[in-house]
Amino acid sequence: MRLLLLIALLCLSPLLPAKAQSLDLTHATLVAAPASGPEQAAVTLLLEEVAKRTGIAWEQRAAEAGPLVVVGQGTQMGALLPADLRSAWTAPVGWGREGYTLRTFTYQGRPLIAIAGHDARGVLYGIGHLLRSLAMEKGRAVLAAPLNVTATPEKTLRSHQIGYRFKNNTYDAWTLAQFEQEIRDLAVFGSNAIQVIAPISDDEKASPLFSAPADETIIGIAGILAKYGLDFDLYYPVIRADYGDPAQVAAELADFEALIQRFPAIHALYVPGGDPGHTPPDHLFPLLEKLAARLHRHHPNAELWVSTQGFDQAGYEAFYHQLDRQPAWLTGIFIGPQSRDPMAVQRARIPARYPIQAYPDIGHTLHAQFPVADWDPAFALLEGREPISPRPGDMGVIYRHFQPLFTGFVTYSEGVTDDVNKMLWSQWGWSAATDPAEILRDYARYFLGPAIAQTHADRAAALILNLERNWRGPVRQNTGIGATLQGFLALDQGVAPGNWRWESLLYRAHYDAYARRRAIAEAAREAQATSVLRRAPQLGSHAAVADARAVLATVDDEQTMALRAQVFQLAGRLYHHVGLQLSVRLYGASNWERGANLDRIDTSLNNRRWLEKQFGMIAILPDEAARLQQLAALVNWEQPVPGALYDDLGDPTRSPHLVRGPGMARDPQFFQTAIHSIADVIPGPDWRLSWVTYGETLYDSPLTLHYRGLDPGQSYRLRVTYAGEDYHLPIQLMANKNIEIQQSFSRPANPAMVEYKLPQEAIHDGNLVLQWFRPVGLGGSGRGKQIAEVWLLPVISNNYN
């Protein structure tokens, strides 16, 4: 009866396109075709999300005044709209699966917003577009301008991974209600699936923060996805020791079948070739065929995807050989971290019948598939591998670089620290041409609260862009960091308490400002201490060391400590509001590398602790001359002899001879580009800052230094500090591509300092190219060729030191 009354009202007068002005939808009436299942869930989502933000429940009964929002599938619009408008809904241009059309009309002086979906999902995504466009606050919902748009997604899969596991930085603390809200939020931005990690993976079986057992929660997530008509996909690593053993294969198949039969529906199964897992293709493919048979027994239409992660060169060739057989049970290939063959190479080698999906790591900043280019060591040391990391510029480069090759994507994520990046990818899956600033305005309008939604969405979007700019270039020279924080603080008073997305951005802005003040202060202290030590011959060694210690022990100023306190306060709010675990001790994070950068907040950014140890050893030397000599060695670390050429390869600003390669814009995965990174240690008594940081290149690409303008008549020695993570790979060092300096060197310790005499023919024309190689053809992450420092030292006397 209500629907008939509304149709009668609509037919009383002609409908005209709305003029370009703001539309007040505060007291709208919702007209929806009778629906059940996912389409009804989408309508309920619209009503609830509007009510949550405005406090107003849109009417669903006949009203003679006020705006109208009409929702339904395209085939239903004829029953909802007057006859003279029906032609507008006949196969709109660009219409396709999951697509939608929004149109704005005026009749009797009031606005009418029509949302037509190509199918039930299209209805959901049309509703999402309206929600992203509305500026909502208590008692008010306004569209800035009429909506007239038709959209169909470019990518068939727009998915994100959820791991309900201990290793995660957030999700293990969530309830099913929180997962449902996350699924809603991702759907509003255009996602159509969630990939969930199986209960057994490369992790603990449970987390202390679990609200329910893993299998129950994962099955609950599958039910939520079914409610909204979205796809549930299962990420299932095969991690038994040997799948050449029939008994282990049988055990795997039994465990797999017992798990999958519990799910209401599985759209696709994803099995990584590695990371985790280590099964060679010749054993992996027969296992996958058996898994596919069990899968289709319970979910007949489920897809099966496999990745090449972790394979070495021989493994890739074996993988391609298996694909050449074109198994019918295989749907396609997904390509993620730890893949030594670039996506373009894999696409060329993989039979055309198999589509490719991207599995991008959107949450890590180092030791990762897409590291932050030229990241200042201060940020790396303090904020770590898994920080709150909106990267709209980088994500845009990555997406545009690879998107011609893939049909869809599943982003690899470990929680909410990459929340902005998820929304960016979700929207780019609809159109790669969408300006990230437009997506960020929608993000700000929909998520960051009423004050921002009404008047400050542009400003908030610009501030999110500025967070990424905070990480560009040397931190001490980036004066924009303070301005970014002040911009966030200027908006903070208008944001209601408990908005975790806003709090996460505030946390980053404060932490960046804190990092900059610390970096400036600690560099100044070390420079002042070094200046004091240079005067040791005049002051005496003991007095100089005492003065240097006093300088190095200077405490941070009041403003720095206030920033530190605010970072702690925001970390507590984030844990209580969203379960984000920014500390192992305080909030139960699994590891300090897994988002727990609050535990890194006091990490030293200079050599104080290492110098203290050196001072102690120098103090017990028997005579003043020996003490002064050792202090001079500390002071002249980078210039041990006149004319020395020094590179600190972990610092982008202090590695002048490093050949950097094509750069992130042309080489987003750094296959040919040098990387600056840090080891899994912090500066301390046994680790200089220049040893904690290092340079590296991946897989078979050499790490290269190029010296020009050398004196061909001068003899040189080479000093190298090998340091970094605990890789034990033989490293070969070549000069000018044909002179071997070191064959298969494996460092005896970490760190290890080694010296070489350079053959005179290596610099006969004044140029020297040094290249470090790891063994050809290895797989895994491609890392391990890590060099911390290099000196080219002219030999000036027989008393060379």
- Residue within region 184-199 that is in a loop (DSSP other than H, G, I, E, B), of a type in the set (A, V, I, L, M) and out of contact with any Ser or Thr (no Cβ under 8 Å at 6 or more places or on another chain) present: yes
- Single residue of region 553-581 satisfying the filter (assigned to a loop (DSSP other than H, G, I, E, B) and free of Cβ contacts under 8 Å to residues at least 60 places away in the same chain) that is farthest from Trp502 (Cα to Cα): Ala553
- For region 408-455, name all the residues that are surrounded by 24 or more Cβ atoms within 10 Å (Cβ to Cβ), part of a loop (DSSP other than H, G, I, E, B) and β-branched (Val, Ile, Thr). Val416, Thr417
- Message: For region 123-168: of the residues being aromatic (Phe, Trp, Tyr) and in contact (Cβ under 8 Å) with a residue 60 or more places away in the chain, which is nearest to Thr101 (Cα to Cα)?
- Response: Tyr125
- Is it the case that some residue within region 561-578 is in contact with a Leu (Cβ under 7 Å, 6 or more places away or on another chain), of a type in the set (D, E, K, R) and at negative phi? no
- Note on the structure: Picked from region 644-680 (must be free of Cβ contacts under 8 Å to residues at least 12 places away in the same chain and over 20 Å from Gly393 (Cα atoms)), the residue most open to solvent (accessible area, probe 1.4 Å) is Pro656
- Considering only residues of region 169-181 that are touching a residue at least 24 places away in the same chain (Cβ under 8 Å) and not in a loop (DSSP other than H, G, I, E, B), which is farthest from Glu48 (Cα to Cα)? Asp172
- Lys737 vs (1) free of Cβ contacts under 8 Å to residues at least 60 places away in the same chain; (2) of a type in the set (Lys, Arg); (3) open to solvent by less than 40 Å² (accessible area, probe 1.4 Å): all pass except (3)
- Message: Of all residues being at pLDDT 50 or above and part of a strand (DSSP E or B) in region 1-55, which is most open to solvent (accessible area, probe 1.4 Å)? Just the residue, please.
- Response: Asp24
- Query: Considering Asp203, Asp233, Asp215, which residue is among the charged types (D, E, K, R) and open to solvent by less than 20 Å² (accessible area, probe 1.4 Å)?
  - Reply: Asp233
- Item | Single residue of region 579-595 satisfying the filter (within 17 Å of Tyr164 (Cβ to Cβ) and in contact with a Lys or Arg (Cβ under 7 Å, 6 or more places away or on another chain)) that is surrounded by the most Cβ atoms within 10 Å (Cβ to Cβ) | Ser590
- Task: Would you mention how many residues in region 681-704 are open to solvent by less than 50 Å² (accessible area, probe 1.4 Å), touching a strand residue (DSSP E or B) at 6+ places or on another chain (Cβ under 8 Å) and assigned to a loop (DSSP other than H, G, I, E, B)?
- Result: 4
- Task: At least 3 residues that are surrounded by 22 or more Cβ atoms within 10 Å (Cβ to Cβ) and touching an Asp or Glu at 6+ places or on another chain (Cβ under 7 Å) in each: list the helices (runs of 4 or more DSSP H) lying fully within region 258-373 that qualify.
- Result: none
- Item | Total residues in region 586-621, condition in contact (Cβ under 8 Å) with a residue 60 or more places away in the chain and assigned to a loop (DSSP other than H, G, I, E, B) | 15
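The values are calculated or read from the model by the stated rules, or taken from the named source; none is laboratory data. Bear in mind that the values here come from a model prediction, so they are computed numbers and not experimental data. Cβ sites come from the backbone with ideal geometry, for glycine too, and all protein chains shown count toward neighbours. Just so you know, the surface numbers come from the protein's heavy atoms only, side chains and all, with ligands and any DNA or RNA stripped out. Shrake-Rupley method; radii C 1.70, N 1.55, O 1.52, S 1.80 Å.
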